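Heads up, the thing below is written out as structure tokens.
Read-outs: derived from the displayed coordinates by stated rules, not from any lab. Since we're looking at a predicted model, the values are computed, not measured. Note that each Cβ is placed from the backbone with ideal geometry, even for glycine, and that neighbours are counted across all protein chains shown.
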Amino acid sequence: MESVKDKIIPSYLLLPPGVLADKVREAEEVLKECTLCPRECRVDRTSGERGFCRTGDKPFVSSWGPHFGEERPLVGRFGSGTIFFGNCNLGCLFCQNYSISHLGEGIEISFEKLAGIMLGLQHSGCHNINFVTPTHQMPMILRALHIASEKGLNIPVVYNCGGYESLRSIKLLDCVVDIYMPDFKYFDPEMASRYSDARDYPEVVVAAIKEMHRQVGDLIIKSGVALRGLLVRHLVLPEGIAGTAGVVKFIAEEISKNTYINIMDQYHPCFKAFNNPPLNRRITGREYSDAIRLATEAGLTRIDGVTA
């Protein structure tokens with residue numbers, strides 16, 4: 001992203017002519033034997049087959065609008081232009097948005113409609129376009145983004161994902177995404193398998209975050225608004241299920257001590273968590289304060305709401 005006369009130009013507008021269209025075609029080709037995410041279901045989503053995410057080859061959207069509950073640098077004064085995509089490539093049994101991710105709340109829309117949503121959010125003053133749970137719909141997002149960019153979209157895009165990302169897919173997004181916002185859910189493969197049906201999650205998220213940081217670097221904030229960079233989310237879970245010590249150590253030592261991280265305290269039991277103790281309770285104040293302590297002891301200096 002560059003600045004010309006104080007006008008920030010998003011990465012996708014700086015691509016040479018034809019490159020974004022090439023990326024769209026490459027991404028859509030993957031749908032014919034889908035390996036968009038690490039599950040590699042290899043179904044032909046263009047002919048009606050469905051894999052783990054239960055999604056076809058058209059945008060499947062739950063809701064959209066200016067969002068004021070995101071991290072402060074995304075919200076700014078006028079909100080983050082958030083688009084919630086239906087379904088998910090993870091299987092978190094405690095998902096806080098389970099009606100969208102598990103129960104399939106949403107509607108299939110056209111690429112033109114999705115592009116129009118982006119432009120409408122920009123028109124309302126939003127500082128960015130925030131794609132929530134985009135992983136399994138990345139090709140659809142790219143096509144709609146291409147349409148929107150040709151019609152005047154000119155604000156940063158945020159890739160707000162669960163962290164269970166194919167390295168190939170993330171590399172395809174190079175010079176398209178301005179702000180990556182992945183979750184880092186677990187450090188222990190056993191916990192990832194038990195609660196999200198993704199034993200390889202820790203190794204996958206580590207590789208993905210390294211590539212994201214390579215592309216965009218540490219989070220850049222100007223006048224209180226994020227412009228480009230990496231923002232990591234980590235939800236504290238009861239009894240150390242999330243493996244906070246390992247997560248913050250990795251980020252501090254292998255990414256950057258200047259990484260903007262939101263260590264979140266809002267976990268509450270949802271969906272199937274009530275039948276899976278200790279996830280059937282909220283975290284305690286002590287559990288959260290211990291997580292913050294671990295992050296500061298690891299050397300992280302930009303903790304949302306604490307040191308950021």
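In this model, which of Lys23/Lys151; Lys113/Lys222; Lys222/Lys257; Lys58/Lys222 are farther than 24 Å apart at the alpha-carbon?
Pairs exceeding the cut-off: Lys113/Lys222; Lys58/Lys222.
Across the range 191-199, coupling constants 3J(HN,Hα) worked out from phi with the 6.51/-1.76/1.60 Karplus curve, θ = phi - 60°, read 5, 5, 5, 5, 10, 9, 6, 8, 4 Hz, and Gly and Pro carry x. Secondary structure note: in the range 2-303, about 40% of the DSSP beta bridges are antiparallel. The relative contact order of the range 2-303, computed from alpha carbon pairs under 8 Å that lie at least 6 residues apart in sequence, is 16 percent.
May I ask you to compute the full-extension gain from Asp44 to Asp188, defined as 0.36 nm times their residue separation minus their alpha-carbon distance, rounded to one decimal in nm?
That works out to 48.6 nm of additional length.
Report the paramagnetic label zone for Arg54: residues of the range 85-121 whose backbone N is under 17 Å from a point 7 Å from Cα along the Cα-to-Cβ axis. Counting backbone N atoms under 17 Å from the label point, the list is 85-109. Here the range 147-174 and the range 9-68 have alpha carbon centers that stand 10 Å from each other.
Projecting label points 7 angstrom from Cα along Cα→Cβ for Lys32 and Lys222 puts them 4.2 nm apart.
Over the C-alpha atoms of the range 2-303, the Rg to Rh ratio, Rh being the Kirkwood estimate, stands at 0.95. Straight Cα distances below 12 angstrom link Lys249 to the aspartates and glutamates Glu297, with same-chain residues fewer than 8 positions distant left out. Taking 7 Å steps out from each Cα toward its Cβ at Lys113 and Leu13 produces label points 2.8 nm apart.
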